[in-house]
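Trainee: Let me give you the structure first, and then I'll get to my questions.
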Amino acid sequence: MLRRSSRPQNILIALALGVAMFATPLAAVAQTPTNISLHSNKYKPADDVKVGQQAAVEAEKQFPLLRDSSTTNFVEDVGQRLVDAIPSEFQHPEFRYSFKVINARDINAFALPGGPTYVNRGMIEAAKNEGEMAGVMAHELAHVALRHGTAQATKAQKYSILAGIGAIAGSILVGPQVGQAVQSGVGLYFLKFSREYEKEADLLGARIMADAGYDPMDLANMFRTIEAQGGGSGPQFMSDHPNPGNRYNYIQQESRLLRVSRNPIKVTPEFSRTQARLREMPRARSYAEIAQANQNGQGNNNSDGGTYGGSGGGYSTRVPAPSARFRSINVGNLVTMNVPDNWRQFQEESSVTFSPEGAYGNDGITHGAILGIAQPQNRQLQGATNEYLQDLLNQQSNAYLRRQTNSQRTYIDGRAALATTLAGRSPITNRTETVTVYTTMLNNGQLIYFIAVAPQSDGYAYGRTYQSMVGSMRLND
């Protein structure tokens, strides 16, 4: 159950009342957009923040986050550009905007009161350009800025179904598709206003987009992309974001009232690299598959990169054998190597983990491999390796492991390397686990390590896989 770190995170299987998709502000320029104003709201902006933070905790218990720093940083950069473009009259100093990617293939996104915003990996992959992705996010941010979640809760007071902040958070997390409220007249009441809020979010989203340097028509185009991707069954986004009607037309009309850049942001190198990166990763699961995993007790334990147990996280007694088919991956433009195409990839700052379904969770991996970089004080391979192994074995989560052999000489991409075997009874599987640590030096004095983990009884099948992986490694320093 080797573990390099433990920073658990979690997600939510519902959608927010204040959620939708796609834009930029209009403060000092002579634009004449459709007038939008805040609705009556008995709650303070600080209450939005409290509700949103509570909802985010629950959200991350349900949905698998994509812990890939490159993708997350890109989405955060786009998100901050849009936040800066929110009109001053809708800026709330108390709000704390954040942006995370859900490792789900459904075309969707949602934002919670006070600023937590989530974009599905499927949405990023479906977008035709950065503008379409930004449109989704601007629409969601418009819901937040207009305080739609608590405004809608305020309207619900006369039905006496929401008594306080905790109840509002619960309502937001449940969402109109799966909430009990949808089975009542109150649910239909909410749905009516959701359409009203959807149009407002479209219009303010278009305004945000224009001021952020995007073309608001990419928001309208994204709806068409979503419809096309959804086919006749209707995509998830359309279910969770009721169509106010004539969406494309009124966004087009609004665009004519806005000052749009002559060279709006469209396909950028960052967007292209992010899409290519996502498409190299193993297939993301659907909401239905994620829900089934939660129901089966596998959970998401969130760590698509670092804490383990992300999408599909959870331990199983039936871990699939490594695929005989490999895919080539590039880690930080430093290492290229082949990985079984049925293994998932989880990224951290200085390492990346590969593991099959059922073999990762909050306590580490039971099958798989970890590739990373260490900063040893010793500049010699043997000394640097000993230093790294000592650090590895000193971690409490790896206390069950013992060194079995002296380091054996081998090669990685023609360079002198060492292979060291560790073993111990895994507290997860209660089986003897073998861990082989391969190390070699980079030209800058850093130590690159490859850790192969598997139960001893599975050693034959996994041993061949690890030999193929190490043999395929190419260092680009």
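Values quoted throughout were computed directly from the atomic coordinates according to the rules given, and no laboratory measurement underlies them. All figures in this text were calculated on a predicted structure; none of them were measured in a lab. Glycine gets a Cβ as well: all are built from the backbone with ideal geometry, and neighbour counts include every protein chain shown.
Trainee: Just in region 310-390: which trypsin sites (Lys or Arg not before Pro) are loop by DSSP and have at most 16 other Cβ atoms within 10 Å?
Mentor: ARG318, ARG325, ARG379
Trainee: Would you kindly compute the Cα radius of gyration of region 374-431 and its largest Cα-Cα separation (Dmax), both in Å?
Mentor: When restricted to the Cα atoms of region 374-431, Rg and Dmax are 13.1, 37 Å.
Trainee: Gain in length, GLN456 to ARG283, computed as 0.36 nm per residue apart minus the alpha-carbon separation, to one decimal in nm?
Mentor: 59.4 nm
Trainee: By how many nm would the segment from ARG262 to ASP77 grow when fully extended, if each residue of separation counts as 0.36 nm and the alpha-carbon distance is taken off?
Mentor: Fully extending the segment from ARG262 to ASP77 adds 64.4 nm.
Trainee: Still on this structure, please answer the following. What do you get for Rg/Rh over region 328-432 if you use C-alpha atoms and the Kirkwood form of Rh?
Mentor: Value, to two decimals: 0.95.
Trainee: Moving on. Taking every pair of Cα atoms in region 46-131, average 1/r, invert it to obtain the Kirkwood radius, and report Rg/Rh to two decimals.
Mentor: With Rh from the inverse mean 1/r over Cα pairs, Rg/Rh is 0.97.
Trainee: I've got another one for you. Checking the table LYS128/LYS155; LYS44/LYS199; LYS100/LYS155 against a 26 Å threshold on Cα-Cα, which pairs fail?
Mentor: Checking Cα-Cα distances, LYS128/LYS155; LYS100/LYS155 exceed 26 Å.
Trainee: Taking R0 as 41 Å, what's the FRET efficiency between THR421 and GLU94 from their Cβ-Cβ distance, rounded to 0.05?
Mentor: On the way: r = 55 Å, r/R0 = 1.33.
Working from the Cβ atoms, E equals 0.15.
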